[in-house]
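For reference, the structure is listed below as structure tokens.
The values are calculated or read from the model by the stated rules, or taken from the named source; none is laboratory data. Small disclaimer: the values here were computed from a predicted structure and weren't measured. Note that each Cβ is placed from the backbone with ideal geometry, even for glycine, and that neighbours are counted across all protein chains shown.
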Amino acid sequence: MAKSYIYIKGLKHVDHTVFCVEKEQKTYWDEQFQQSVAYSSGQQIKRTIMEELLSFLGEEPAPITFYFYAPNLDEKEVVSPADPRYSDQLIGGWMIAHSKAKNRTIKRRSPLSISAMRPLHPLLSNVHKENLTFDRSDKPEIHKSIVKDKNGNILNEKEVNKLLLNVDRSIRRKWIPDKTRTSGLFVYDIAIDLRTLFCISINQLEPELSSETIDRLKEEGWHFSKNVFGPCLVVPENRRNSIINALAHALINWRITTNQARTFSPMETLAIALSDSADKIAGAIRAKLTEETEKQRAIPIIDDTSGAELFIALPCDGYISGIHGTAHALEQAEERIKNLLLDYDYEKQI
């Protein structure tokens, strides 16, 4: 019997960077080891996977409509097309919950379950702060500074010089204190539900599609079938194969992007573990506590006896002792994922 899930565990090296820029780096408190650790949300990873998927396919994302109420621009619902012909909708899922009770909620859960990217072990990462400056003090004749009093009036040059007379500071330099950065070894997990990956339920008791969309998909050659959840429509084979190529690529080559150029890290992938068992991938890439020194330490471990398929890249040699990566490991992981996705019989599940 074909397995219904593919589990992927990835190990990345992160170097002096930030995963989030809205309110510095996101962190949580590890109670056992009593320290703050950084993380990137599963939603952020999902978004970057979708971006890579669409880039590979050369497609635009599904159009989203944002609703507001005047006059205060109160935020209301955000509505997507709920149309699986858009690749990011098919893989990412959707939910349309209207504010009026007479309209039914239409919802498709994403066939991808994605964890947060978090440290392989709390002792194998760190969170640190640095003070930054926006400095233009080298050319004061070019850059202008405006000083206002408490009433909003602009001070003239003589008044500004009087203020600076006994103050050792520049007014062409802005301090940006305590910006959080993180470094270390980080892992993430992805589970792919093959039963729903290319199958959309047509059950109208808990609708994933409107009746109009169902009719349109049938006209365009979507096949009627059944899975464990009931009657469904299946993406045509040619379209499936195209998306499979893109999805396999995106699952390996996604990258978190940031608008802070000075904190760029390639976040290189060190290893990938694949299995139809979540326990096996957990054992393949893990950490071990050691008490060989006075201070408790954690050692990263890549274990090829766990039963998972392992793909180890060249940079991994520099972070885990006794490991020997290969130049084409990530390409091989991508090819293996593609073959696993192609081998599943989406049209005859039951």
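When ILE350, ILE281, ILE299 are screened for being surrounded by 15 or more Cβ atoms within 10 Å (Cβ to Cβ) and either at pLDDT below 90 or more than 22 Å from the chain's Cα centre (by Cα) (or both), only ILE299 passes. Looking only at residues in region 304-322 that are touching a residue at least 24 places away in the same chain (Cβ under 8 Å) and more than 25 Å from the chain's Cα centre (by Cα), the one that is surrounded by the fewest Cβ atoms within 10 Å (Cβ to Cβ) is GLY307. Would you check if ALA287 is of a type outside the set (D, E, K, R), more than 17 Å from TYR188 (Cα to Cα) and touching a His at 6+ places or on another chain (Cβ under 6 Å)? Here the answer is no, as ALA287 does not meet what is asked.
Before we move on, is ARG85 in contact with an Asp or Glu (Cβ under 7 Å, 6 or more places away or on another chain), in the same structural domain as ALA191 (by TED's automatic domain parsing) and of a type outside the set (A, V, I, L, M)? Break it down stepwise before answering.
Working: in contact with an Asp or Glu (Cβ under 7 Å, 6 or more places away or on another chain): no; in the same structural domain as ALA191 (by TED's automatic domain parsing): yes; of a type outside the set (A, V, I, L, M): yes.
No: the conditions fail for ARG85.
Restricting attention to region 195-241, report how many residues are assigned to a loop (DSSP other than H, G, I, E, B), of a type in the set (A, V, I, L, M, F, W, C) and surrounded by fewer than 16 Cβ atoms within 10 Å (Cβ to Cβ).
Filtering region 195-241 down to residues assigned to a loop (DSSP other than H, G, I, E, B) leaves 198, 202-210, 220-222, 228-229, 235-236.
Keeping just the survivors that are of a type in the set (A, V, I, L, M, F, W, C) gives 198, 202, 205, 209, 222, 228-229, 235.
If we keep only those that are surrounded by fewer than 16 Cβ atoms within 10 Å (Cβ to Cβ) too, we end up with 205, 228-229.
Within region 195-241, residues that are assigned to a loop (DSSP other than H, G, I, E, B), of a type in the set (A, V, I, L, M, F, W, C) and surrounded by fewer than 16 Cβ atoms within 10 Å (Cβ to Cβ) number 3.
Checking the conditions here, which among LEU340, LEU289, LEU330 is farther than 30 Å from ILE200 by Cα, touching a Leu at 6+ places or on another chain (Cβ under 9 Å) and not aromatic (Phe, Trp, Tyr)?
Details: LEU340 fails: farther than 30 Å from ILE200 by Cα; LEU330 fails: touching a Leu at 6+ places or on another chain (Cβ under 9 Å).
Answer to the check: LEU289.
Annotation note: of VAL160, VAL167, VAL78, the sole residue that is surrounded by fewer than 18 Cβ atoms within 10 Å (Cβ to Cβ), more than 25 Å from the chain's Cα centre (by Cα) and either in the same structural domain as ILE302 (by TED's automatic domain parsing) or part of a helix (DSSP H, G or I) (or both) is VAL160.
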